[in-house]
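Student: I am attaching a structure below and will ask some questions about it afterwards.
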Amino acid sequence: MYNRILSRHARALLHGTAFAVMAGLGVAATSPALAQDAELDWGIRDTPRALFAPYNYSPDTMIMSLIQDQLLTAGADGSMQPDIATSWEATDPLTYVYTIGDDAVFSDGTPVTVEDVVYSLNLHLDPAVGSQLASLYGSVESITGEGDKVTVKLKEPNSTWKFIPASIGGYIWKKDSVEANLENYGSPQVFPIGSGPYMVSEWVADSHVTLVRNPHYAGEAPQFDTVTFNVLPDDQTRFLAMQQGEIDGTFVVPTTALAQWRAVANVIDFPSFIWRGFTLDFETPPFDDIHVRKALNYATDKEAIASGLLAGLAVPASTVNDPGLFDGVLPADEIEASYAKIESFPFDLQKAKEELAQSEYPDGFAVTLNVPEDSSLIGNIAQAVKAQWAEIGVDLTLNLMPGGPRFQVILDHEPGLGLQVIGNRPDAPDPAQMAEQYFSSAQAAKNGNNSSNLKDPEIDAVLAEALAATDPAVGARAILEAQEMAGAQVPFVSLIWQKSVLALQKGWTMEGLRPNWDMSVWVDRIETE
């Protein structure tokens with residue numbers, strides 16, 4: 001049972017350190033002193049697709065988190081803490097009841113109501129909306145409100161649900177504003193309205209988004225009066241802006257140019273448990289042949305990708321979950337032993353050719369990969385893999401697409417998914433979340449993430465055991481088992497587990513950054529000279 005009641009001021013202090021969702025990994029830090037009329041200029045690569053979570057996922061959560069409050073937030077130790085909801089409890093394994101406070105106010109001066117909360121969460125269940133976060137709500141049966149209570153009913157027990165209200169899926173929007181502008185909400189034409197510490201004052205597409213303090217924010221005022229996100233698509237232009245002091249920082253630092261950036265900025269890396277890989281659609285030839293799937297794995301030099309393109313910020317991956325997700329829950333030797341059982345594919349072109357020779361495509365085949373045009377890293381990875389696979393006769397065509405439409409192809413889940421590139425990180429400090437998204441039969445459907453179409457009743461049963469577990473160790477052991485089972489079927493070419501990186505002005509720092517840093521008022525973690 002969760003039943004914690006804090007003042008809005010106390011919750012504001014928690015916002016200052018609410019940078020982690022991984023239990024046990026947070027490092028508390030004191031928020032900097034309030035700097036009146038201070039301005040922050042931040043570099044981003046692209047104009048936000050939308051500052052509205054149902055229509056957009058990453059990377060624009062860094063902006064949304066400054067505008068929108070969430071139902072709950074994550075404390076420095078990863079525990080769930082009050083935000084819009086002042087208290088909450090699980091009355092049974094399928095029912096969560098949230099008490100909504102009366103002090104949160106939207107930036108237009110109107111109070112946040114239970115009706116707003118219910119509407120915001122139900123957006124992700126509405127097929128007409130087509131939320132990109134629908135998979136986070138896959139276990140939800142209904143969301144209703146009465147009095148000052150919001151009740152979430154689940155279809156089946158789900159250990160990850162308790163964390164979702166503190167994720168991107170927990171943002172609270174103003175119902176009337178969204179309903180009147182659903183088609184273009186969170187755009188330069190219709191600014192989002194939130195109850196967080198900032199509000200949008202100006203948005204010029206392909207130029208900048210400027211935030212100013214929300215005068216109605218019920219918490220402690222943030223340290224910067226103005227935050228401007230400057231759109232700088234070109235890596236060299238962004239570097240020069242950093243060098244010349246035109247921006248104070250950025251999370252978009254090319255991993256192949258870290259030495260250059262370190263000469264002009266304080267470059268900081270931190271764990272984020274990002275998994276990158278390719279899903280191989282079991283229902284689309286030639287990927288329905290396990291020998292083809294194994295051949296592609298052997299033909300992929302993951303070590304070279306990790307060291308050559310990410311300069312120490314990544315290690316080769318064998319499954320979706322970084323082993324660090326299990327730290328503090330299970331003994332290290334148990335985690336290591338389970339990962340050693342996952343079928344591995346060290347780079348070996350001879351073995352790749354031998355596997356391909358056992359398939360129906362001994363001389364190779366042609367295939368197309370949709371590549372997000374707004375990610376130089378994924379583009380570089382795709383080029384490297386194209387060259388590697390050519391050695392075994394696989395002709396890989398790279399089809400550049402805008403990031404949003406490319407991801408929508410996966411969510412639409414039409415036949416013929418074929419080969420898809422994935423870059424994802426957990427939204428909850430529970431290894432069951434990513435495992436469910438990529439191993440569950442239920443996720444091999446519209447708005448699901450399982451683009452390999454892996455469907456195995458035995459794996460589903462193990463996942464259900466993990467999601468129903470009340471003991472984290474029991475759930476973690478079930479996920480380790482599911483990873484081993486899924487690995488035997490080779491649904492992916494798992495490439496890397498990756499850290500995140502940022503650059504700040506020399507003399508500035510951000511301490512204790514951890515996974516899901518962008519689900520909090522992260523600008524208050526910046527310590528200036």
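The values are calculated or read from the model by the stated rules, or taken from the named source; none is laboratory data. If you're wondering where the values come from, they're calculated on a predicted model, not measured in any experiment. Heads up, the Cβs are rebuilt from the backbone with ideal geometry, glycines too, and the neighbour counts pull from every protein chain shown. Just so you know, the surface numbers come from the protein's heavy atoms only, side chains and all, with ligands and any DNA or RNA stripped out. Shrake-Rupley method; radii C 1.70, N 1.55, O 1.52, S 1.80 Å.
Student: Run Glu343 past the list (1) closer than 30 Å to Trp261 by Cβ; (2) of a type outside the set (Ser, Thr, Tyr); (3) open to solvent by 10 Å² or more (accessible area, probe 1.4 Å); (4) assigned to a loop (DSSP other than H, G, I, E, B) and report the number of the one that doesn't hold.
Tutor: Only one criterion is unmet by Glu343, namely (1).
Student: Quick one: is Ser375 among the polar types (S, T, N, Q), under 28 Å from the mean Cα position of the chain (by Cα) and buried (at least 19 other Cβ atoms within 10 Å of the Cβ)? Can you show your working first?
Tutor: Numbers: among the polar types (S, T, N, Q): yes; under 28 Å from the mean Cα position of the chain (by Cα): yes; buried (at least 19 other Cβ atoms within 10 Å of the Cβ): yes.
Taking the combined requirement at face value, the residue satisfies it.
Student: Sticking with this one: Could you list, in sequence order, the residues of the range 460-478 that are among the hydrophobic types (A, V, I, L, M, F, W, C) and in contact with a Ser or Thr (Cβ under 8 Å, 6 or more places away or on another chain)?
Tutor: Residues of the range 460-478 among the hydrophobic types (A, V, I, L, M, F, W, C): 461-464, 466-469, 473-474, 476, 478.
Across the range 460-478, the qualifying residues are Leu463, Ala466, Leu467, Ala468, Ala469.
Student: A follow-up question, please. Here's a check for you: in the range 163-196, which residue that is over 15 Å from Val117 (Cα atoms) and polar (S, T, N, Q) is most open to solvent (accessible area, probe 1.4 Å)?
Tutor: Gln189
Student: Against the definition (among the charged types (D, E, K, R), assigned to a helix (DSSP H, G or I) and at pLDDT below 50), how does Arg4 come out, yes or no? Give the derivation first.
Tutor: Values: among the charged types (D, E, K, R): yes; assigned to a helix (DSSP H, G or I): no; at pLDDT below 50: yes.
It is false that Arg4 is among the charged types (D, E, K, R), assigned to a helix (DSSP H, G or I) and at pLDDT below 50.
Student: Taking the options Leu480, Leu513, Leu495, Leu467, name whichever one is in contact (Cβ under 8 Å) with a residue 60 or more places away in the chain, open to solvent by 10 Å² or more (accessible area, probe 1.4 Å) and either part of a helix (DSSP H, G or I) or not acidic (Asp, Glu) (or both).
Tutor: Values: Leu480 fails: open to solvent by 10 Å² or more (accessible area, probe 1.4 Å); Leu513 fails: open to solvent by 10 Å² or more (accessible area, probe 1.4 Å); Leu495 fails: open to solvent by 10 Å² or more (accessible area, probe 1.4 Å).
Only one candidate passes the filter, namely Leu467.
Student: Just to be sure before I move on: is Val462 out of contact with any strand residue (DSSP E or B) (no Cβ under 9 Å at 6 or more places or on another chain) and either open to solvent by 10 Å² or more (accessible area, probe 1.4 Å) or of a type in the set (Asp, Glu) (or both) in the structure I sent? Give the derivation first.
Tutor: Details: out of contact with any strand residue (DSSP E or B) (no Cβ under 9 Å at 6 or more places or on another chain): yes; either open to solvent by 10 Å² or more (accessible area, probe 1.4 Å) or of a type in the set (Asp, Glu) (or both): yes.
Criteria met by Val462.
Student: Can you tell me which residue within the range 163-174, out of those that are part of a helix (DSSP H, G or I) and β-branched (Val, Ile, Thr), is nearest to Met434 (Cα to Cα)? Even if it seems obvious, please write down each step before you answer.
Tutor: Kept after step one, since they are part of a helix (DSSP H, G or I), are these residues of the range 163-174: 163-166, 168-170.
When the remaining residues are screened for being β-branched (Val, Ile, Thr), the result is 164, 168.
Details: Ile164: 13, Ile168: 15 Å.
This residue is Ile164.
Student: Could you please give the count of residues in the range 346-361 that are crowded, with 16+ Cβ neighbours inside 10 Å and under 24 Å from Leu417 (Cα atoms)?
Tutor: Count: 5.
Student: Continuing with this model, one more query. Being modelled with pLDDT under 95, part of a helix (DSSP H, G or I), open to solvent by less than 50 Å² (accessible area, probe 1.4 Å) and within 30 Å of Leu310 (Cα to Cα): is that true of Ala241 here? Quick ask: steps written out before the conclusion?
Tutor: Numbers: modelled with pLDDT under 95: no; part of a helix (DSSP H, G or I): yes; open to solvent by less than 50 Å² (accessible area, probe 1.4 Å): yes; within 30 Å of Leu310 (Cα to Cα): yes.
Spelling it out, it is not the case that Ala241 is modelled with pLDDT under 95, part of a helix (DSSP H, G or I), open to solvent by less than 50 Å² (accessible area, probe 1.4 Å) and within 30 Å of Leu310 (Cα to Cα).
Student: Also, I was wondering about something else. Mind counting the residues in the range 259-280 that are closer than 30 Å to Ser318 by Cα and either part of a strand (DSSP E or B) or under 23 Å from the mean Cα position of the chain (by Cα) (or both)? Before you say what the answer is, go through the steps one by one.
Tutor: The initial filter retains those residues of the range 259-280 that are closer than 30 Å to Ser318 by Cα, namely 259, 267-280.
The next check asks that each one be either part of a strand (DSSP E or B) or under 23 Å from the mean Cα position of the chain (by Cα) (or both); those that pass are 267-280.
Residues that pass the stated criteria total 14.
Student: Which number in (1) loosely packed, with under 13 Cβ neighbours inside 10 Å; (2) within 23 Å of Asp322 (Cβ to Cβ) marks the one condition that Thr368 misses?
Tutor: Exception for Thr368: condition (2).
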